[in-house]
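Working notes, beginning with the structure itself.
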Amino acid sequence: MIEDMLRTPSAVRDAERYTAHNYHPLPVVISSAEGAWLTDVDGRRYLDCLAGYSALNFGHRHPTLVRAAHEQLDRLTLTSRAFIHDQFADFCRELAALCGKDLVLPMNTGAEAVETGIKVARKWGYQVKKVTPGQANIIVADGNFHGRTTTIVSFSTDDDARADFGPYTPGFTVVPYGDLAALEAAIDENTVAVLLEPIQGEQGVVLPPEGYLPGVRRVCTDRNVLFIADEIQSGLGRTGRTFACDHEGVVPDMYLLGKALGGGIVPVSAVAADADVLGVLRPGQHGSTFGGNPLACAVATEVVRLLATGEFQRRSAELGERLRAGLEGLLGSGLVAVRVRGLWAGVDIDPALMTGRQACERLMDRGVLAKDTHGSTIRLAPPLVITSDEIDHAVAQVAAVLAG
């Protein structure tokens, strides 16, 4: 009879009835959240170990970010880029400084940032590098995930993301991730950029081989090709540094940012690069009605200021070591591989035990929310405000699920 009083089953049924089935969510219906914890419509609490695919690096409803949003809501929310508003310059200046770049181009979603990066690279190629008109080529890696627009899925190697969405956009060459020789061999006179995730998130938190990113940087410099780093998931403190590229001292020509930049409140993305790259754009050539809106800028400026203190990068690095130690202790007891960089982990479960989906369902039953990918892999990416005790709790629940 208690089951008849629960709100979750009917809410799940309604969601399934009235929405397109482009997602397969866990059967949990969240109604409130704070910090690293979520509460569902029936009052059950869950530890968030996904953090909105890194969109919630600062946790749910971080007071500084919520305050900024409230204050801006009472003043001004949208002007379009037809006018300049009083939050715009601060955001662009402070994000450019965080990135060590001259200029910032604000957009909304991660996919828009990637599309912007592609357009800028092509225009740079034609105007600066002088590649053959209409023949610009960008090198990408297999296993990539950069978004789901028609152009982006054109160079995806994931059949679920790509199949039945053709005809596909030309101008991309796919090489194996981590294979520097293959990347260098693929560059020709019309190559304008190399577009990579420093860590492949959707693929299962796949870390690059040691020396790979510095090698990419060297090859791009030597061959006059832009290095575009998609740090939409890996950036802004997730890996224990401001950017994942920082772990190997690599500075790309262009950063693609999103997710955490909006503080878990509004969608904010951006491209950051020097003036000799982003400066190729002229009025009317690219834009967005909502890109760089006052509400987004007010929140994102506070995000940049939180990162400028270094506190969240330190927390991610320190707590990430605790997460690593806990997960590696489960190797041989149901886990076959663990990959960790900061508070971001890819965990491969013995497929003879269960699928990743089954593991996430069992974790949900134990009050921990995570997400599966590619068979028997699950990803753990808790908010950076998580505590050491909460890390231990999450690992203990993984151990309990593996033990059956």
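The values are calculated or read from the model by the stated rules, or taken from the named source; none is laboratory data. For clarity, every value in this text was computed on a predicted model and none was experimentally measured. Don't worry about glycine lacking a Cβ; one is built from the backbone with ideal geometry, like all the others, and counts go over all protein chains shown.
Among the residues of segment 86-106, is any under 17 Å from the mean Cα position of the chain (by Cα), free of Cβ contacts under 8 Å to residues at least 60 places away in the same chain and buried (at least 16 other Cβ atoms within 10 Å of the Cβ)? No, segment 86-106 contains no residue that is under 17 Å from the mean Cα position of the chain (by Cα), free of Cβ contacts under 8 Å to residues at least 60 places away in the same chain and buried (at least 16 other Cβ atoms within 10 Å of the Cβ). For segment 123-147, taking the residues that are in contact (Cβ under 8 Å) with a residue 60 or more places away in the chain and among the charged types (D, E, K, R), the one that is surrounded by the fewest Cβ atoms within 10 Å (Cβ to Cβ) is identified as K129. Among the residues of segment 148-171, is any surrounded by fewer than 18 Cβ atoms within 10 Å (Cβ to Cβ), out of contact with any strand residue (DSSP E or B) (no Cβ under 8 Å at 6 or more places or on another chain) and among the aliphatic types (A, V, I, L, M)? So far as segment 148-171 goes, yes, one or more of its residues are surrounded by fewer than 18 Cβ atoms within 10 Å (Cβ to Cβ), out of contact with any strand residue (DSSP E or B) (no Cβ under 8 Å at 6 or more places or on another chain) and among the aliphatic types (A, V, I, L, M).
Checking each residue in segment 374-394 for being under 23 Å from A161 (Cβ atoms) and modelled with pLDDT of 95 or more picks out S376, T377, I378, R379, L380, A381. Among the residues of segment 370-387, is there at least one that is assigned to a helix (DSSP H, G or I), touching a residue at least 12 places away in the same chain (Cβ under 8 Å) and of a type in the set (D, E)? No; the residues of segment 370-387 include none that is assigned to a helix (DSSP H, G or I), touching a residue at least 12 places away in the same chain (Cβ under 8 Å) and of a type in the set (D, E). Among the residues of segment 385-403, those that are among the hydrophobic types (A, V, I, L, M, F, W, C) and more than 14 Å from W37 (Cβ to Cβ) comprise V395, A396, V398, A399, A400, V401, L402, A403. Check whether at least one residue in segment 17-38 is among the acidic types (D, E), surrounded by fewer than 17 Cβ atoms within 10 Å (Cβ to Cβ) and farther than 28 Å from Q233 by Cβ, and report yes or no. No, segment 17-38 contains no residue that is among the acidic types (D, E), surrounded by fewer than 17 Cβ atoms within 10 Å (Cβ to Cβ) and farther than 28 Å from Q233 by Cβ. Scanning segment 84-130 for residues that are part of a helix (DSSP H, G or I) and of a type in the set (D, E, K, R) turns up D90, R93, E94, E112, E115, K119, R122, K123, K129. Of all residues in segment 200-237, those being closer than 20 Å to D158 by Cα and in contact with an Asp or Glu (Cβ under 6 Å, 6 or more places away or on another chain) number 1. Checked against (1) touching a residue at least 40 places away in the same chain (Cβ under 8 Å); (2) touching a strand residue (DSSP E or B) at 6+ places or on another chain (Cβ under 6 Å); (3) in a loop (DSSP other than H, G, I, E, B), V194 meets all criteria but (3). Each residue in segment 29-47 was checked for being among the aliphatic types (A, V, I, L, M) and assigned to a loop (DSSP other than H, G, I, E, B), and 3 of them qualify. The single condition from (1) surrounded by 21 or more Cβ atoms within 10 Å (Cβ to Cβ); (2) more than 28 Å from T8 (Cβ to Cβ); (3) aliphatic (A, V, I, L, M); (4) over 18 Å from the mean Cα position of the chain (by Cα) that I386 fails is (2).
Scanning segment 48-83 for residues that are at positive phi and in a helix (DSSP H, G or I) yields A51, G52, Y53, S54. Checking each residue of segment 258-275 against the condition of being more than 21 Å from the chain's Cα centre (by Cα) and surrounded by fewer than 24 Cβ atoms within 10 Å (Cβ to Cβ) gives at least one match. Look at R357 and say whether it is in contact with a helix residue (DSSP H, G or I) (Cβ under 9 Å, 6 or more places away or on another chain), farther than 29 Å from P63 by Cβ and either of a type in the set (S, T, Y) or touching a residue at least 12 places away in the same chain (Cβ under 8 Å) (or both). So R357 fails the test. Here I232 fulfils each of the conditions (1) without any contact (Cβ under 8 Å) to a residue 40 or more places away in the chain; (2) among the aliphatic types (A, V, I, L, M); (3) part of a loop (DSSP other than H, G, I, E, B) apart from (1).
The residues on offer are G342, G334, G279, G292, and the sole one that is in contact (Cβ under 8 Å) with a residue 12 or more places away in the chain and under 19 Å from V385 (Cβ atoms) is G342. Screening G143 on (1) modelled with pLDDT of 95 or more; (2) farther than 27 Å from A181 by Cβ shows it passes everything except condition (2). Applying the criterion of being in contact with a Ser or Thr (Cβ under 7 Å, 6 or more places away or on another chain) and in contact (Cβ under 8 Å) with a residue 40 or more places away in the chain to the residues of segment 107-116, the residue that is nearest to S234 (Cα to Cα) is G110.
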